[in-house]
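Notes follow once the structure below has been shown.
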Amino acid sequence: MSLKRDVDKTTTTLTIPMIDTRKPSFPRRLSHALLWLLLAGLTIPALAQSVSAPTAVIAATVKETTWQDPVEALGTLRADESVTLSSTVTGTIDAFNFDDGDAVSAGQWLVQLDDDEVQAELRAAEAVQRQRQSALDRAQQLQDRNLGVRATLEDNAALVQQSRAEIDALRARIADHRVRAPFAGSVGLRELSVGALVTPGTELVTLDKLDIMKLDFTVPATLLAVLHPGLTLEATTPGYPETIFRAKIAHLGTRIDPISRSLVVRAVLPNDDGRLRPGMLMEIHLAQPARSALTIPESALVPDGERQTVWKLGGLDEETPRVSRQEVTIGERRTGQVEILRGLDRGDRVVTHGTLKVRDGDAVDLIAVDPPASRIEDVLERQRRAMRSSATSSQPAPGTPD
């Protein structure tokens with residue numbers, strides 16, 4: 001449709017007869033003059049209305065699109081495996097076998113406590129065992145030659161077994177003085193120094209397995225039907241605002257909170273580069289199964305108190321369409337789009353630019369329909385140039401849509 005409409009200039013010549021008050025026909029001529037003035041007063045506004053041009057607007061078509069309702073939640077990262085290693089005995093620290101943040105292997109010893117006293121007890125127990133073993137060997141030789149007493153042999157064997165048990169207990173105590181990594185991971189910061197006295201329960205070092213992270217978050221129990229292990233979700237964190245992390249749901253909680261009616265969900269995500277840390281806050285974006293929905297651009301909405309309305313185009317088969325206010329019921333929103341539940345049908349057209357310049361029943365000049373977002377500014381600029389050109393030639397032109 002042309003952005004400029006030519007409006008024929010209309011010239012009205014109004015001739016008022018001269019009034020001669022000296023003639024006896026003065027009252028009749030006066031009534032004729034008043035009639036002419038009345039007709040001129042009615043004609044001039046009508047001409048002004050016919051000259052005014054329709055308001056230029058941009059419209060969008062109500063479309064049926066695929067819609068996915070987003071679910072947003074906040075979650076906290078946890079290490080795949082995490083432990084704080086503590087002392088189980090009383091003693092002083094002899095040595096450390098790690099530096100801050102080191103990657104350690106499973107079974108690697110990390111902290112050595114002073115075990116001199118236990119080592120001495122072990123050597124004494126081993127000496128007793130050797131003595132008892134010698135007595136057992138002599139008793140066995142006599143028994144083999146039928147010279148010994150069977151009971152003596154059995155007593156010596158029992159003493160040897162007792163010594164072995166005592167040695168095993170002492171070796172276990174010695175092992176308690178050397179703290180080892182239960183799994184491969186990364187150690188935290190060292191807070192103690194060599195020579196520090198520790199007691200049972202004293203925290204020595206933290207150990208976390210960071211190659212895989214667990215992400216725990218809660219969602220409404222109403223989503224239980226659409227959640228399942230293996231479902232992919234996206235997560236972001238303020239620490240890396242430009243990065244989108246993808247995770248998969250691993251497990252669903254077995255209980256629903258009776259107060260919040262929410263369910264705990266655990267997802268796992270790889271962390272091969274080690275950027276993620278336990279305790280980080282993550283924002284989860286989860287898309288529900290796709291459905292069909294009627295949508296329009298958000299710019300078409302015209303709030304009216306607590307209602308939402310649009311300017312609906314009618315008479316599209318005519319040369320000059322007109323607008324009417326239509327109340328709508330909206331659903332979910334997403335960037336630049338809004339779902340329409342009631343009030344519009346597929347294929348209807350609504351005003352998206354120019355909503356502040358039209359009134360109910362106004363004729364409009366439809367300058368574009370469903371233009372790409374990148375071209376809207378070009379359409380508006382062309383309209384502005386047309387207006388300036390019309391102003392220069394003293395011809396009326398449609399207004400520019402907002």
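The values are calculated or read from the model by the stated rules, or taken from the named source; none is laboratory data. Since the model is a prediction, treat every value here as computed from it, not as a measurement. Here Cβ is always computed from backbone atoms with ideal geometry, including for glycine, and neighbour counts include all displayed protein chains. Areas reflect the complete protein model, heavy atoms only, side chains present, ligands, DNA and RNA absent. Shrake-Rupley method; radii C 1.70, N 1.55, O 1.52, S 1.80 Å.
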Name the strands (runs of 3 or more DSSP E) wholly inside the stretch 267-320 in which the number of residues that are modelled with pLDDT of 90 or more and over 21 Å from VAL62 (Cα atoms) is 2 or more. 281-287
State whether one or more residues within the stretch 141-150 are β-branched (Val, Ile, Thr), open to solvent by 60 Å² or more (accessible area, probe 1.4 Å) and more than 30 Å from LEU189 (Cβ to Cβ). yes
Only residues that are within 38 Å of the chain's Cα centre (by Cα) and open to solvent by less than 20 Å² (accessible area, probe 1.4 Å): list them for the stretch 359-384, please. ALA368, VAL379, LEU380
When the residues of the stretch 336-358 are filtered to those that are surrounded by fewer than 17 Cβ atoms within 10 Å (Cβ to Cβ) and among the small types (Gly, Ala, Ser), which remaining residue is farthest from ASP69 (Cα to Cα)? GLY347
Cβ pairs under 8 Å, 6+ apart, first in the stretch 198-218 and surrounded by 16 or more Cβ atoms within 10 Å (Cβ to Cβ), second of a type in the set (Phe, Trp, Tyr) and not in a strand (DSSP E or B): VAL205/PHE98; LEU207/PHE183; LYS209/PHE183
Taking the conditions exactly as written (within 22 Å of PRO182 (Cβ to Cβ) and out of contact with any strand residue (DSSP E or B) (no Cβ under 8 Å at 6 or more places or on another chain)), does THR84 satisfy them or not? no
The correct count of residues that are open to solvent by 30 Å² or more (accessible area, probe 1.4 Å) and of a type in the set (Val, Ile, Thr) in the stretch 219-231 is 2
